[in-house]
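Reviewing the structure listed below.
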Amino acid sequence: MTQNIDHKLTPKDFATDQDIRWCPGCGDYSILKQVQTIMPEIGVPKEDIVFISGIGCSSRFPYYMNTYGVHSIHGRAPAIASGLKAVNPDLSVWVITGDGDSLSIGGNHLIHMLRRNFDMNVLLFNNEIYGLTKGQYSPTSPEGSISKSTPMGSVDHPFNPLALCMGAEGTFLARTLDRDPKHMRAVLSEAHLHKGTSMVEIYQNCNVFNDGAFFPFTEKDSKPDNVIFLEQGEPLVFGSERNRGIKLDGFKPVVVNLDEGVSKDELWVHDKTDKVKASMLTQLLDDPREEGALPRAFGVIYAEERFNYEDVFNHQIDKAVETNGEGDLDALLAGPSIWEIA
(Lines give C-alpha, C1' and ligand atoms only; values in the text may rest on other atoms or scores of the structure.)
Protein backbone atom coordinates (compact mmCIF):
# COMPACT_ATOMS: atom_id res chain seq x y z
CA MET A 1 0.00 0.00 0.00
CA THR A 2 1.12 3.57 -0.63
CA GLN A 3 0.60 6.39 1.79
CA ASN A 4 -2.01 8.63 0.16
CA ILE A 5 -1.65 11.80 2.20
CA ASP A 6 -0.59 15.36 1.50
CA HIS A 7 1.78 15.71 4.45
CA LYS A 8 4.30 13.56 6.16
CA LEU A 9 2.95 11.88 9.27
CA THR A 10 4.82 11.96 12.57
CA PRO A 11 4.53 9.81 15.71
CA LYS A 12 2.27 12.50 17.19
CA ASP A 13 -0.27 11.83 14.45
CA PHE A 14 -0.69 8.33 15.90
CA ALA A 15 -1.23 9.48 19.49
CA THR A 16 -4.74 10.06 20.87
CA ASP A 17 -6.14 12.47 23.44
CA GLN A 18 -7.04 9.60 25.79
CA ASP A 19 -5.62 9.53 29.31
CA ILE A 20 -3.24 6.60 29.51
CA ARG A 21 -4.27 4.33 32.36
CA TRP A 22 -1.16 2.28 32.89
CA CYS A 23 0.79 2.41 36.14
CA PRO A 24 3.61 4.97 36.15
CA GLY A 25 6.80 3.22 35.09
CA CYS A 26 5.03 0.36 33.27
CA GLY A 27 6.92 -1.12 30.31
CA ASP A 28 3.82 -0.67 28.17
CA TYR A 29 4.67 3.02 27.75
CA SER A 30 7.88 2.18 25.93
CA ILE A 31 6.14 -0.27 23.62
CA LEU A 32 3.46 2.30 22.79
CA LYS A 33 6.13 4.89 22.08
CA GLN A 34 8.09 2.61 19.74
CA VAL A 35 4.98 1.54 17.84
CA GLN A 36 3.90 5.16 17.36
CA THR A 37 7.42 5.96 16.20
CA ILE A 38 7.55 3.35 13.45
CA MET A 39 4.02 3.95 12.18
CA PRO A 40 4.92 6.93 9.95
CA GLU A 41 7.81 4.92 8.52
CA ILE A 42 5.80 1.91 7.36
CA GLY A 43 3.95 4.05 4.80
CA VAL A 44 0.42 2.84 5.49
CA PRO A 45 -2.42 5.39 5.77
CA LYS A 46 -3.91 5.63 9.24
CA GLU A 47 -7.33 4.63 7.92
CA ASP A 48 -5.84 1.31 6.75
CA ILE A 49 -4.38 0.38 10.13
CA VAL A 50 -6.25 -1.56 12.83
CA PHE A 51 -5.12 -2.52 16.32
CA ILE A 52 -7.06 -5.39 17.91
CA SER A 53 -6.59 -6.46 21.51
CA GLY A 54 -8.03 -8.96 23.96
CA ILE A 55 -8.20 -8.31 27.70
CA GLY A 56 -5.44 -7.25 30.06
CA CYS A 57 -3.31 -4.20 30.79
CA SER A 58 -1.72 -4.31 27.35
CA SER A 59 -5.10 -4.56 25.71
CA ARG A 60 -5.90 -0.90 26.39
CA PHE A 61 -3.44 -0.23 23.58
CA PRO A 62 -6.02 0.51 20.83
CA TYR A 63 -7.37 3.48 22.84
CA TYR A 64 -3.97 5.14 22.57
CA MET A 65 -3.44 4.65 18.84
CA ASN A 66 -5.03 7.16 16.47
CA THR A 67 -6.06 4.44 14.04
CA TYR A 68 -8.98 2.06 13.89
CA GLY A 69 -9.06 -0.28 16.84
CA VAL A 70 -11.00 -3.00 18.61
CA HIS A 71 -10.76 -3.75 22.33
CA SER A 72 -12.25 -7.19 22.11
CA ILE A 73 -12.82 -10.01 24.60
CA HIS A 74 -10.68 -12.43 26.56
CA GLY A 75 -8.27 -14.28 24.30
CA ARG A 76 -10.33 -13.70 21.16
CA ALA A 77 -8.29 -11.01 19.42
CA PRO A 78 -6.76 -13.58 17.02
CA ALA A 79 -10.22 -14.73 15.92
CA ILE A 80 -11.46 -11.18 15.32
CA ALA A 81 -8.25 -10.18 13.55
CA SER A 82 -8.40 -13.29 11.36
CA GLY A 83 -11.95 -12.54 10.28
CA LEU A 84 -11.15 -8.93 9.53
CA LYS A 85 -8.06 -9.82 7.52
CA ALA A 86 -9.94 -12.48 5.56
CA VAL A 87 -12.55 -10.03 4.27
CA ASN A 88 -10.31 -6.96 4.00
CA PRO A 89 -6.82 -8.22 3.18
CA ASP A 90 -5.45 -4.74 2.39
CA LEU A 91 -5.59 -3.65 6.04
CA SER A 92 -2.48 -3.54 8.22
CA VAL A 93 -3.65 -5.51 11.26
CA TRP A 94 -1.83 -5.52 14.60
CA VAL A 95 -2.86 -7.82 17.44
CA ILE A 96 -1.98 -6.68 20.96
CA THR A 97 -1.99 -9.34 23.65
CA GLY A 98 -0.38 -10.43 26.91
CA ASP A 99 0.96 -13.74 28.19
CA GLY A 100 -2.26 -14.60 30.03
CA ASP A 101 -4.57 -13.41 27.25
CA SER A 102 -2.78 -15.25 24.44
CA LEU A 103 -1.23 -18.30 26.07
CA SER A 104 -3.94 -19.31 28.54
CA ILE A 105 -7.34 -17.75 27.84
CA GLY A 106 -6.89 -17.60 24.07
CA GLY A 107 -4.23 -20.26 23.55
CA ASN A 108 -6.31 -22.24 21.09
CA HIS A 109 -7.05 -19.17 18.98
CA LEU A 110 -3.39 -18.22 18.91
CA ILE A 111 -2.12 -21.50 17.51
CA HIS A 112 -4.70 -21.66 14.73
CA MET A 113 -4.00 -18.06 13.72
CA LEU A 114 -0.33 -18.95 13.41
CA ARG A 115 -0.79 -22.06 11.29
CA ARG A 116 -3.10 -20.19 8.94
CA ASN A 117 -0.47 -17.49 8.55
CA PHE A 118 -2.65 -14.43 8.02
CA ASP A 119 -0.55 -11.44 7.01
CA MET A 120 -0.61 -9.52 10.29
CA ASN A 121 1.51 -8.66 13.30
CA VAL A 122 1.19 -9.93 16.87
CA LEU A 123 2.81 -8.12 19.79
CA LEU A 124 2.87 -10.39 22.83
CA PHE A 125 3.61 -8.40 25.98
CA ASN A 126 5.19 -10.96 28.30
CA ASN A 127 5.49 -9.83 31.92
CA GLU A 128 5.12 -13.31 33.47
CA ILE A 129 2.13 -12.22 35.59
CA TYR A 130 -1.54 -11.28 35.40
CA GLY A 131 -1.26 -7.54 36.02
CA LEU A 132 -4.80 -6.28 35.41
CA THR A 133 -6.26 -8.68 37.97
CA LYS A 134 -3.58 -7.72 40.52
CA GLY A 135 -0.81 -10.23 40.36
CA GLN A 136 -1.80 -13.86 39.88
CA TYR A 137 0.73 -16.21 38.26
CA SER A 138 0.47 -16.62 34.50
CA PRO A 139 1.37 -19.35 31.97
CA THR A 140 4.87 -17.87 31.65
CA SER A 141 5.59 -17.45 35.38
CA PRO A 142 8.68 -19.49 36.29
CA GLU A 143 8.37 -22.53 38.51
CA GLY A 144 8.32 -21.52 42.16
CA SER A 145 6.96 -18.05 41.44
CA ILE A 146 5.39 -16.48 44.52
CA SER A 147 2.21 -14.63 43.63
CA LYS A 148 -1.18 -13.87 45.18
CA SER A 149 -2.52 -17.13 43.75
CA THR A 150 0.64 -19.16 44.44
CA PRO A 151 1.69 -18.11 47.96
CA MET A 152 3.87 -21.24 48.34
CA GLY A 153 5.28 -21.01 44.81
CA SER A 154 3.94 -22.08 41.43
CA VAL A 155 4.15 -25.80 40.71
CA ASP A 156 3.32 -25.25 37.02
CA HIS A 157 5.96 -25.67 34.34
CA PRO A 158 5.80 -22.44 32.28
CA PHE A 159 5.16 -22.07 28.58
CA ASN A 160 8.02 -21.19 26.28
CA PRO A 161 6.07 -18.74 24.04
CA LEU A 162 8.28 -18.85 20.97
CA ALA A 163 8.74 -22.63 21.11
CA LEU A 164 4.94 -22.92 21.25
CA CYS A 165 4.59 -20.60 18.26
CA MET A 166 7.20 -22.57 16.34
CA GLY A 167 5.30 -25.76 17.07
CA ALA A 168 2.19 -24.07 15.68
CA GLU A 169 4.05 -23.48 12.39
CA GLY A 170 4.58 -19.76 12.92
CA THR A 171 6.45 -18.14 10.04
CA PHE A 172 8.08 -15.20 11.86
CA LEU A 173 9.30 -15.37 15.43
CA ALA A 174 11.17 -12.61 17.22
CA ARG A 175 11.95 -11.40 20.74
CA THR A 176 12.78 -7.93 22.00
CA LEU A 177 12.80 -5.84 25.21
CA ASP A 178 10.77 -2.89 26.45
CA ARG A 179 13.99 -1.31 27.77
CA ASP A 180 15.79 -1.42 24.44
CA PRO A 181 13.81 1.02 22.25
CA LYS A 182 16.19 0.95 19.30
CA HIS A 183 16.17 -2.83 19.11
CA MET A 184 12.41 -2.93 19.47
CA ARG A 185 11.87 -0.48 16.63
CA ALA A 186 14.11 -2.53 14.35
CA VAL A 187 12.27 -5.75 15.18
CA LEU A 188 8.83 -4.14 14.75
CA SER A 189 9.79 -2.73 11.37
CA GLU A 190 11.02 -6.12 10.16
CA ALA A 191 7.87 -7.75 11.51
CA HIS A 192 5.75 -5.36 9.47
CA LEU A 193 7.62 -6.28 6.29
CA HIS A 194 7.04 -10.00 6.80
CA LYS A 195 4.31 -11.41 4.56
CA GLY A 196 2.55 -13.62 7.09
CA THR A 197 1.85 -13.69 10.82
CA SER A 198 4.76 -12.07 12.62
CA MET A 199 4.95 -12.96 16.29
CA VAL A 200 7.01 -10.59 18.44
CA GLU A 201 7.48 -11.52 22.09
CA ILE A 202 8.31 -8.41 24.12
CA TYR A 203 9.78 -8.72 27.60
CA GLN A 204 7.77 -6.10 29.47
CA ASN A 205 8.40 -5.07 33.04
CA CYS A 206 5.36 -4.96 35.35
CA ASN A 207 6.84 -2.71 38.00
CA VAL A 208 3.93 -3.23 40.40
CA PHE A 209 3.37 -6.99 40.50
CA ASN A 210 6.55 -8.50 38.99
CA ASP A 211 9.18 -5.79 39.06
CA GLY A 212 12.59 -6.81 37.76
CA ALA A 213 11.58 -10.12 36.21
CA PHE A 214 13.77 -9.35 33.21
CA PHE A 215 16.43 -7.16 34.80
CA PRO A 216 19.18 -9.73 34.07
CA PHE A 217 18.49 -9.05 30.37
CA THR A 218 17.89 -5.31 30.54
CA GLU A 219 20.28 -3.82 33.10
CA LYS A 220 23.59 -2.38 32.02
CA ASP A 221 25.78 -4.51 34.30
CA SER A 222 24.20 -7.88 33.49
CA LYS A 223 22.79 -7.49 29.97
CA PRO A 224 26.02 -8.05 28.00
CA ASP A 225 26.61 -11.47 29.57
CA ASN A 226 23.01 -12.67 29.40
CA VAL A 227 21.84 -11.42 26.01
CA ILE A 228 22.84 -12.37 22.52
CA PHE A 229 21.52 -10.15 19.74
CA LEU A 230 20.93 -12.06 16.53
CA GLU A 231 22.02 -10.63 13.21
CA GLN A 232 21.45 -12.46 9.96
CA GLY A 233 24.67 -14.03 8.65
CA GLU A 234 26.70 -13.04 11.72
CA PRO A 235 28.34 -15.30 14.34
CA LEU A 236 26.78 -15.51 17.79
CA VAL A 237 29.03 -13.24 19.87
CA PHE A 238 28.25 -11.69 23.24
CA GLY A 239 29.80 -10.43 26.47
CA SER A 240 30.85 -7.02 27.73
CA GLU A 241 34.19 -7.46 25.94
CA ARG A 242 32.57 -9.12 22.92
CA ASN A 243 34.95 -11.99 23.52
CA ARG A 244 32.48 -14.81 24.11
CA GLY A 245 30.57 -16.79 21.55
CA ILE A 246 28.43 -19.86 20.98
CA LYS A 247 29.77 -22.82 19.09
CA LEU A 248 27.84 -25.93 18.13
CA ASP A 249 29.14 -29.27 19.36
CA GLY A 250 26.94 -31.38 17.12
CA PHE A 251 23.52 -30.03 18.09
CA LYS A 252 24.65 -28.86 21.51
CA PRO A 253 25.35 -25.13 21.93
CA VAL A 254 28.53 -24.44 23.89
CA VAL A 255 29.87 -21.12 25.19
CA VAL A 256 33.49 -20.48 24.16
CA ASN A 257 35.99 -17.74 24.93
CA LEU A 258 37.46 -16.01 21.88
CA ASP A 259 40.52 -15.09 23.94
CA GLU A 260 41.39 -18.75 24.34
CA GLY A 261 42.25 -19.64 20.78
CA VAL A 262 38.73 -20.02 19.35
CA SER A 263 38.13 -18.18 16.06
CA LYS A 264 34.88 -16.42 15.11
CA ASP A 265 34.88 -18.67 12.06
CA GLU A 266 34.16 -21.60 14.36
CA LEU A 267 31.05 -20.01 15.88
CA TRP A 268 27.39 -20.64 15.14
CA VAL A 269 26.34 -18.26 12.36
CA HIS A 270 22.74 -17.07 12.57
CA ASP A 271 20.46 -18.02 9.69
CA LYS A 272 16.86 -17.05 10.40
CA THR A 273 15.66 -19.39 7.64
CA ASP A 274 17.16 -22.48 9.31
CA LYS A 275 14.22 -24.06 11.12
CA VAL A 276 16.25 -26.57 13.11
CA LYS A 277 18.65 -23.96 14.49
CA ALA A 278 15.79 -21.53 15.10
CA SER A 279 14.11 -24.19 17.19
CA MET A 280 17.32 -24.54 19.18
CA LEU A 281 17.42 -20.76 19.75
CA THR A 282 13.91 -20.82 21.20
CA GLN A 283 15.17 -23.33 23.76
CA LEU A 284 17.88 -21.03 25.11
CA LEU A 285 15.96 -20.20 28.27
CA ASP A 286 18.55 -20.86 30.96
CA ASP A 287 18.16 -19.05 34.27
CA PRO A 288 20.87 -16.38 34.07
CA ARG A 289 21.44 -16.69 37.82
CA GLU A 290 22.74 -20.24 37.40
CA GLU A 291 26.39 -21.04 36.72
CA GLY A 292 27.13 -21.78 33.05
CA ALA A 293 23.81 -20.41 31.78
CA LEU A 294 23.61 -19.80 28.04
CA PRO A 295 22.63 -16.27 26.96
CA ARG A 296 19.10 -15.63 25.74
CA ALA A 297 18.48 -14.82 22.06
CA PHE A 298 16.89 -11.53 20.96
CA GLY A 299 16.05 -10.41 17.45
CA VAL A 300 14.48 -12.27 14.55
CA ILE A 301 14.86 -15.94 15.39
CA TYR A 302 12.96 -17.44 12.46
CA ALA A 303 11.43 -16.27 9.19
CA GLU A 304 9.82 -18.38 6.50
CA GLU A 305 7.89 -17.58 3.34
CA ARG A 306 4.58 -19.38 3.12
CA PHE A 307 1.21 -18.62 1.57
CA ASN A 308 -1.29 -16.51 3.51
CA TYR A 309 -4.73 -17.78 4.37
CA GLU A 310 -6.50 -14.70 3.03
CA ASP A 311 -4.84 -14.97 -0.38
CA VAL A 312 -5.90 -18.59 -0.90
CA PHE A 313 -9.31 -17.97 0.66
CA ASN A 314 -10.13 -15.08 -1.66
CA HIS A 315 -8.69 -16.90 -4.67
CA GLN A 316 -11.06 -19.75 -3.92
CA ILE A 317 -14.02 -17.35 -3.79
CA ASP A 318 -13.00 -15.80 -7.12
CA LYS A 319 -12.74 -19.28 -8.62
CA ALA A 320 -16.19 -20.23 -7.32
CA VAL A 321 -17.73 -17.05 -8.79
CA GLU A 322 -15.97 -17.68 -12.10
CA THR A 323 -17.30 -21.23 -12.22
CA ASN A 324 -20.78 -20.82 -10.76
CA GLY A 325 -21.61 -17.12 -11.11
CA GLU A 326 -22.32 -14.54 -8.41
CA GLY A 327 -24.80 -16.74 -6.64
CA ASP A 328 -28.04 -15.97 -4.88
CA LEU A 329 -28.04 -15.82 -1.06
CA ASP A 330 -31.80 -16.36 -0.78
CA ALA A 331 -31.56 -19.42 -3.01
CA LEU A 332 -28.64 -20.73 -1.00
CA LEU A 333 -30.52 -20.37 2.28
CA ALA A 334 -33.66 -21.97 0.81
CA GLY A 335 -31.68 -24.95 -0.50
CA PRO A 336 -32.59 -27.30 -3.35
CA SER A 337 -35.09 -29.44 -1.43
CA ILE A 338 -38.77 -28.58 -1.07
CA TRP A 339 -41.13 -30.28 1.32
CA GLU A 340 -44.88 -30.16 1.06
CA ILE A 341 -46.70 -30.49 4.35
CA ALA A 342 -50.11 -32.09 4.01
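Computed values, structure above
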item: Between helix 309-324 and the chain: long-axis angle, C-alpha atoms, 0 to 90°, nearest 10; result: 20
item: Gained length - ARG289 relative to ASN88, 0.36 nm times residue gap less alpha-carbon distance; result: 67.6 nm
item: Relative packing of 54-66, 320-332, which averages over residues the other C-beta atoms within 10 Å, highest first; result: 54-66, 320-332
item: Between helix 77-87 and the chain: long-axis angle, C-alpha atoms, 0 to 90°, nearest 10; result: 50
item: Nearest-ten-degree value, helix 28-42 long axis tilted from longest Cα axis of the chain; result: 60
item: Euclidean distance of C-alpha centroids, the range 304-333 and the range 96-170, integer Å; result: 34
item: Global geometry of the chain, whether rounded, prolate or oblate, following the gyration tensor of its Cα atoms and the 1.5 cut on a/c; result: prolate
item: The chain: calculated mean residue ellipticity at 222 nm from DSSP helix runs of at least 4, using -39500 (n - 2.57); result: -8000 deg cm²/dmol
item: Residues of type aspartates and glutamates that LYS272 reaches as a straight line, Cα spacing below 20 Å, ignoring anything fewer than 8 places off in the same chain; result: ASP119, GLU169, GLU190, GLU201, GLU231, GLU234, ASP249, GLU304, GLU305
item: Of LYS195/LYS277; LYS223/LYS247; LYS223/LYS264; LYS46/LYS319; LYS252/LYS275, pairs whose Cα-Cα distance is over 23 Å; result: LYS46/LYS319
item: Fraction of accessible area attributable to carbon and sulfur, the chain (%, probe 1.4 Å); result: 52
item: Net +/- balance of residues flanking ILE52 in space, Cβ distance below 13 Å, scoring K and R +1, D and E -1; result: +2
item: The range 1-157: C-alpha gyration tensor shape, a/c 1.5 cut-off, then a/b vs b/c; result: oblate
item: Solvent-accessible area per residue for the chain (1.4 angstrom probe, square angstrom); result: 51
item: Gyration tensor verdict on the range 256-310 (Cα atoms; rounded if a/c is under 1.5, prolate if a/b is larger than b/c, oblate otherwise); result: oblate
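The values are calculated or read from the model by the stated rules, or taken from the named source; none is laboratory data. Remember, predicted model here, so these are calculated numbers, not experimental data. Virtual Cβ from ideal backbone geometry, glycine too; neighbours counted across all protein chains shown. Quick note on the areas: whole protein, heavy atoms, side chains included, nothing else; ligands and nucleic acids left out. Shrake-Rupley method; radii C 1.70, N 1.55, O 1.52, S 1.80 Å.
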